[in-house]
1. Give me the number: length gained by fully extending LYS235 to LYS182, i.e. 0.36 nm times residue separation minus the C-alpha to C-alpha distance, one decimal in nm.
2. How long are the three semi-axes of the equivalent ellipsoid of segment 16-261, in whole Å, if each is the root of 5 times an eigenvalue of the C-alpha gyration tensor, listed from largest down?
3. Test of understanding: in a Gaussian network model of the chain with alpha carbons linked when under 10 Å, which of VAL56, VAL37, VAL231 would top the mean-square fluctuation ranking?
4. What FRET efficiency would be calculated for the residue pair ASP61, LYS133, taking the C-beta separation as r and a Förster radius of 51 Å, to the nearest 0.05?
5. Place a +1 charge on the Cβ of each Lys and Arg in the chain and a -1 charge on the Cβ of each Asp and Glu, then give the dipole magnitude about the Cα centre in debye, rounded to the nearest 20.
6. Percent antiparallel among DSSP beta bridges with both residues in the chain, to the nearest 5?
7. Among 121-127, 69-75, how do they line up from the highest to the lowest mean number of other beta-carbon atoms within 10 Å?
8. Place the peptides 108-120, 41-53 in order of packing, highest mean first, counting for every residue the other Cβ atoms within 10 Å and averaging per peptide.
Amino acid sequence: MMQRDTNDQADAGLTSRSVIGTRIDATSYQDAITRIVAWAAASESRYVCFANVHVVMQAHDDSSFRSVVADADLVTPDGIPIVWALRLLRVPQATQCCGPELMPMLFSAAASRGINIGFYGGSDETLDRLLTKVRIQWPRANIAYAFSPPFRTLTDQEDEIEIKRITDSGVRILFVGLGCPKQERWAAAHKGRLPVVMLGVGAAFDFLAGTKPVAPALMRRVGLEWIFRFVTEPKRLWRRYLYHNPRFLVRLAFQVLQQRVL
């Protein structure tokens with residue numbers, strides 16, 4: 001078990017635990033907003049990971065990805081099962097802080113502070129619909145940059161062009177929607193190269209744009225969102241849920257049992 005009040009990745013006062021080897025910070029929506037806005041206002045280069053079961057098991061299976069998550073400045077409990085894991089590991093105050101819910105809050109917080117936001121990822125259709133929705137529902141939000149990259153790794157030259165575009169745009173909060181683990185690796189690779197806070201929000205682009213359905217609130221509250229997503233995209237998500245979820249439960253049970261014994 002790991003308990004941490006301070007480290008290089010997060011500011012003082014944030015309790016964390018290792019969940020099957022992956023650091024999770026017991027943040028909240030308000031705490032995350034406060035940290036992200038402060039970093040953005042200071043033009044700091046940071047990145048935030050939103051940890052669900054998929055992220056935790058990807059990190060468990062891949063040491064290089066585990067290092068990427070460990071080096072994040074904030075790792076939030078994105079999924080309800082991760083919240084339950086924190087509580088089982090003696091963090092009773094743990095609450096959920098997921099990307100799709102945090103994004104609109106940050107739109108408002110950034111607008112009130114005059115902080116520019118940007119979007120990197122998603123298909124052309126999804127990004128266009130997302131931008132339209134943001135401009136209608138959050139008219140004070142200043143979208144300074146948006147780019148739908150090709151479904152391949154950019155060349156070094158292309159990457160340098162985008163780094164310059166992002167930097168010149170004045171963006172300070174950049175939402176990255178490339179999917180796990182690509183978005184986390186992208187953010188880690190660009191930390192120190194961009195004066196922005198990067199948030200790997202995954203399918204949040206599609207949810208907010210309306211290109212993918214959102215699970216009913218009750219299913220989200222009781223940790224069954226994965227069933228809804230699996231039913232809507234079985235071919236793409238079967239491995240994520242049918243392979244990772246049982247392994248997560250077994251390994252978490254062993255970790256909790258070991259903690260109780262020790």
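Derivation of every value follows stated rules applied to the coordinates shown; laboratory data play no part. The model shown is predicted, which means the values in this text are computed figures rather than measured ones. Don't worry about glycine lacking a Cβ; one is built from the backbone with ideal geometry, like all the others, and counts go over all protein chains shown.
1. 17.1 nm
2. They are 29, 19, 18 Å, listed from largest to smallest.
3. Fluctuation is largest for VAL231.
4. According to the calculation, E is roughly 0.90.
5. 780 debye
6. Bridges in the chain that DSSP calls antiparallel: roughly 20 percent.
7. Per-residue Cβ counts within 10 Å, averaged per peptide and sorted highest first, yield 69-75, 121-127.
8. Per-residue mean Cβ counts within 10 Å order the peptides as 41-53, 108-120.
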